[in-house]
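Shown next, in structure tokens, is the structure this report addresses.
A short reminder: the numbers here are calculations on the coordinates, not readings from a lab. The shown structure was predicted, so the numbers you read here are calculated from the model rather than taken from an experiment. Note: ideal-geometry Cβ built from the backbone for every residue, glycine included; neighbour counts use all protein chains shown.
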Amino acid sequence: MDFFAELGARVAAHWSALDHDAAAFADVAAEALAERPPCEHVDWLEILRQFQRLDRLPAQRPFDPDWGHPSLAVFTAPRFYIEALFWAEGTTAIHQHAFSGAFHLLEGSSLQTAYRFDEQLRAGAGFRLGQLHALSTELLGRGATRAIRAGGQLIHSVFHLDRPSVSLVVRTYREEAALPQLTFRRPHLAFDPFDETCDHRRLGQSLELVRESRPLDHLAMLSELFPRLELAATHRVLEHCQRVFGAGERFAKMLAKARERHGESADRLAAVLIADRREQELLALRRTIADPGQRFFLALQLMVDDPARREALVAERLPAINAREQLAAWGAALSLPAAH
Ligand SMILES: [Fe+2]
């Protein structure tokens, strides 16, 4: 696509003049996107058409099912590339980046929340407990551009409000110095989703199998297991317990066993699971709702804790209405308190 070739050449020339300084790339990318805003020159449907014609876009990056639906490379160079990410549903994933660059909203709108993580305990490089603080939430409209700085300099989640929302990302490939690329769970957890030494999904699967086929052995197995589990595995097994027992007495018993070995870290994991469950319930509800206002309300519930900030964001997006009354009305329609 001619526009992306020109944008790519602009980025390449500017960055080359800075001797490919990794720390400078986010600003180079953001400036290029601001000078030549893709939303003024590119129709997102045309990107899909070009891809479907098979020979009009560059070779694609390895497929990642969680990264855009679809994600399409539109320009590639040896040191960086440009991709279009298409989103139909919002995601609350809080993450940092092992790359630098900038993103531009080609279509739709998003809520971006920035966070800080104060690390307090490390259980292996890829599993950490601490306190995640939401710093600010902003509403991004079509044409907005923001820098992406590698590592802990930017921890954020971008919740896409419209269907589709399309973002364009100018980015480096991977910066070793910014690894691991951590994912965060409110309010206490950071983990490396690519670290296989703390990936205990098979442990969860094995417990699920026993629960289904030998339910009498399941409880005894859990009781024997907890004293032997390191922290990341404890998280996975508590997650399993929450799924099968809910929040009742059986879960409390298992949490007490986890606490015997890990102390208050076990309670922090339980708090993460409670927050996860609330998010999953709100996301599931949102998938069943077509009304744009109610969908926005649920996005605010997911992304913004401060009621005053929620009101301000409603006033920004819908300036003609009384934000407080509208939040109460949406909450009533969905049987959720406005400050849920
Ligand atoms: Fe991101």
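Relative to one another, the C-alpha centroids of the range 234-292 and the range 1-67 are positioned 40 Å apart. The helix-only estimate of mean residue ellipticity at 222 nm for the chain, built from DSSP H runs of length n ≥ 4 each weighted as -39500 (n - 2.57), is -14000 deg cm²/dmol after division by the residue total. Note on A247 and T91: the extension gain reaches 53.7 nm, defined as 0.36 nm multiplied by sequence separation minus the Cα-Cα distance.
Size check on the range 276-333: the Cα extents along the three principal axes, sorted descending, read 32, 23, 18 Å. Enclosing the Cα atoms of the chain in their convex hull gives a volume equal to 156 cubic angstrom per residue. Each Lys and Arg Cβ is given +1 and each Asp and Glu Cβ -1; about its Cα centre, the range 118-175 then shows a dipole of about 200 debye. Only Cα pairs under 8 Å and 6+ residues apart enter the sum, and on that basis the relative contact order of the range 2-194 stands at 27 percent. Using the alpha-carbon atoms, what tilt in degrees (0 to 90, nearest 10) does helix 231-245 show relative to the longest principal axis of the chain? For 231-245 against the chain, the angle is about 70 degrees. Between 0 and 90 degrees, the angle of helix 2-17 with respect to the longest Cα principal axis of the chain falls at about 80 degrees.
Give, as a single signed number, the net charge of other residues whose beta carbon lies under 15 Å from the beta carbon of L161, with Lys and Arg counted +1 and Asp and Glu -1. Taking every Cβ under 15 Å from that of L161, the sum is +1. Taking 0.36 nm per residue of separation and subtracting the Cα-Cα distance, full extension of the segment from R278 to S223 would add 17.1 nm.
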